[in-house]
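Just below is one structure, and these are the notes that go with it.
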Amino acid sequence: MIINLEDKILTDNTKEIDKNVIFVKTALNERYVSDLANVKIVTPLELKNYLLHTPKIIGITGTNGKTTTASCIYSILLSLGFKVALCGTRGFFINDIRISKKGLTTPTLLELYHNIHIASKHNCDYFIMEVSSHAISQNRIEGLGFSLKILSNIESDHLDFHKTIEEYIRVKNSFFNDDGLKLINKDCNNAIFNVKNAYTYAIENNANLKVDAYSLRGEINAHISWNDFRTKEFSSTTIQSNLIGKYNLYNIISSIASVKLLCSEIPLNKIALALGEFAGVEGRIEVVNKKPLVVVDFAHTPDGMKNVFEAFLGNKIKVLFGAGGDRDKTKRPEMGKIASIYAKKIYLTSDNPRSENPHFILQDIMEGIKDKDKVYVESNRKIALHKALSELECDDILLVLGKGDETYQIIGDKILDFDDRKIIREFYSKH
C-alpha cells in the first residue's frame with residue numbers, strides 16, 4: 001500500500017519502491033528489507049514524525065462489544081462538542097461523515113496511519129479505533145501512542161488463528177501490559193493487566209464505575225456511581241438508553257467511564273445526558289420487523305449468542321444462524337448448544353462458508369444440539385430465512401444471527417450480494 005503523509009510517499013510493499021518512496025519496515029515485511037538498496041527505511045515508531053499532529057487515540061479490544069462501545073464513545077464525544085474520528089468494523093468516519101467503507105476491524109498499519117493523518121487534518125480531538133487480536137499479534141498497531149485502552153471482555157474466538165484459548169487470552173491481555181491509562185471490565189474473569197493507571201467498570205463487582213441498580217425491561221435504565229480513588233472524586237447519576245440487554249449495559253458504562261477518564265472536567269450527569277443521542281449500531285440488535293418481531297445481530301460466538309438470547313428471556317425465541325467457513329471450528333458445537341438451550345426452534349443455515357462445504361459446517365453445529373427435532377437445516381440462507389419467516393407466529397421472536405449489517409455472502413471464492421435485512425423487508429412487503 002502507498003500513502004502520502006505530508007508530501008512524503010510511504011509504502012510497505014517492496015514492489016512499489018522507487019527513489020521517491022520511503023519504505024516502512026514491519027514485522028510482516030522485514031525479511032525483504034535486506035534486498036532493498038538506496039531506499040530510505042523507517043520503522044513504525046518513526047511514522048508519527050510524519051503526522052501534522054496526533055489526536056488522542058482510544059483503542060478498544062475484546063471478543064464482543066468493540067463496535068458498539070467504539071460507536072457509543074464516538075457518539076457521546078460528538079454530542080459534547082468534540083471533533084472525533086472512528087475507525088473499525090463499520091468503516092472510517094469523521095464527525096458523522098463516512099470517509100471509507102468497511103474493511104478489516106483494524107486496518108493495515110499504513111492505512112491506519114493514513115486515517116490518523118486524515119483525522120489530524122480535520123483537527124480531530126479524538127481517534128477511536130477497534131483493536132482486533134489479529135492486529136495485536138501482527139503488530140499492526142505498532143508505534144501508536146494510546147491515550148486510553150479499553151477491554152470489553154475475553155471469551156473464546158479466533159482459534160483458527162491463535163490455535164489455543166490460552167494464546168488468544170494472552171494476546172488480548174498483552175494490549176494492557178504497559179503503564180498507560182486503561183479501562184478494564186472487572187467482571188471479566190480472563191482479564192490480566194498492568195494495574196498502574198488502570199481503572200475499572202462493572203455490574204457485579206466493585207469498580208471505579210459501578211452499576212448500583214438497573215432495569216432491562218424493554219430498554220436500559222440504571223443508576224451508576226463514579227469513584228476515582230486517585231482524585232477522591234465521587235459522583236452518581238441515572239442513565240437511560242433504548243438499547244436492549246445486559247451486554248449493552250456493559251457497553252454503555254464502559255463508554256461513559258471512558259469519556260469521564262478522557263474529559264475529567266465534564267460532570268458525570270452531563271456525559272449521561274449525551275448518551276441519549278446514541279441510538280445504537282446497524283446490525284447489532286437491529287429490529288427489522290416489529291409484528292412479529294424480527295431482530296438481526298452480528299453475534300457469531302457462543303458468548304455473543306448467549307448475550308443476545310438473554311436480552312429476550314421470557315419470550316418465545318426462534319433463531320436462524322450458521323458459522324463462518326475457514327474459521328474457528330471448535331466454537332460450532334458450542335453455538336449449537338447455546339441455541340438449543342434458549343430457542344424453541346432452530347433454523348441452521350450458511351453464514352459465509354468460504355471454501356468449506358456448508359454441509360460439514362452445519363454438521364459441526366448439530367453436534368451441540370441434543371433435540372434434533374426442533375432443527376430445520378437448509379444451507380441456502382435465503383430459503384432458510386423465508387422458511388423461518390413463514391412459520392413465525394405473532395407472539396414469536398426470530399433472531400437472525402451471524403451477519404448483522406453485512407451486505408454480502410462469501411461462497412467459495414465469490415462475494416455475492418446478500419443482506420438479511422433486505423430479504424426480511426422484501427418478504428414482509430409481499431405478505
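Key figures for this structure:
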quantity	calculated
Helix-only [θ]222 nm of the chain, DSSP H runs n ≥ 4, -39500 (n - 2.57) each, per residue, nearest 500	-8500 deg cm²/dmol
Using a Förster distance of 22 Å, the FRET efficiency for HIS431-CYS394 (Cβ separation, nearest 0.05)	0.95
Environment charge of TYR32, counting only residues whose C-beta is closer than 13 Å and scoring Lys/Arg +1, Asp/Glu -1	-1
Cα-centred dipole magnitude for the chain, charges only on beta-carbon of K, R (+1) and D, E (-1), debye, nearest 20	360 debye
Anisotropy class of the range 369-426 from Cα gyration tensor, a/c 1.5 cut	oblate
Estimated vicinal HN-Hα couplings, Hz - the range 82-99 in sequence order (Karplus 6.51, -1.76, 1.60; Gly, Pro = x)	8, 8, 9, 10, 9, 10, x, 4, 7, x, 10, 10, 9, 6, 6, 10, 6, 8
Kirkwood Rh in Å, taken over all unlike Cα pairs in the chain	22.9 Å
Theoretical gain in end-to-end length, ILE423 to ASN4 [0.36 nm per residue, Cα-Cα removed]	146.7 nm
Prolate/oblate/rounded label for the range 2-48 (Cα gyration tensor, a/c 1.5)	oblate
Residues whose placed amide H lies under 5 Å from that of LEU5, excluding near-sequence neighbours	LEU10
Highest-MSF residue in the chain out of LEU249, LEU86, LEU144 [GNM, Cα springs under 10 Å]	LEU144
Dipole moment magnitude, nearest 20 debye, the range 2-48 about Cα centre, only Lys, Arg, Asp, Glu C-beta charged	80 debye
Proximal charge balance of VAL308 [Cβ under 12 Å; K/R count +1, D/E count -1]	-1
Cross-link partners of LYS8 among lysines (Cα-Cα below 21 Å; sequence separation of 8 or more within a chain)	LYS19, LYS25, LYS40, LYS48, LYS121
Percent of beta bridges antiparallel (DSSP, the range 51-275, rounded to nearest 5)	50 percent
Proximal aspartates and glutamates relative to LYS372, as straight alpha-carbon distance under 14 Å, when same-chain residues fewer than 8 apart are discounted	ASP364
Alpha carbon Rg of the range 230-367, scaled by the compact-globule rule 2.2 N^0.38 Å	1.33
Coil-residue chymotrypsin sites (Phe, Trp or Tyr not before Pro) of the range 178-273, DSSP, other Cβ within 10 Å capped at 16	PHE229
Scattering profile of the range 51-275 at q = 0.12, 0.13 Å⁻¹ [log10 I(q)/I(0), Debye over alpha-carbon scatterers]	-0.61, -0.72
The range 145-260: translational diffusion in µm²/s, Stokes-Einstein, Kirkwood Rh over Cα pairs, 20 °C, 1.002 mPa s	142 µm²/s
Cα→Cβ-extended label distance, 7 Å offset, between LYS25 and HIS53, nm	3.2 nm
TYR347 long-range amide H proximity, modeled H, under 5 Å	VAL319, LEU320, PHE321, TYR376
Shape call, the range 286-430: gyration tensor on alpha carbons, a/c limit 1.5	oblate
Cα centroid separation - the range 119-157 against the range 189-205, whole Å	18 Å
Fraction of antiparallel bridges per DSSP, the chain only, in percent to nearest 5	40 percent
Entries of LYS163/LYS260; LYS196/LYS331; LYS172/LYS196; LYS337/LYS387; LYS210/LYS291 with Cα pairs more than 27 Å apart	LYS163/LYS260; LYS196/LYS331; LYS210/LYS291
Formal net charge of residues neighbouring GLU406 (Cβ-Cβ distance under 13 Å; K, R +1; D, E -1)	0
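Bear in mind these aren't lab numbers, they're just calculated from the coordinates by the rules spelled out. Here the structure is a predicted model, which means the values were calculated and not measured. So basically every Cβ, Gly included, is an ideal-geometry build from the backbone, and we count neighbours across all protein chains shown.
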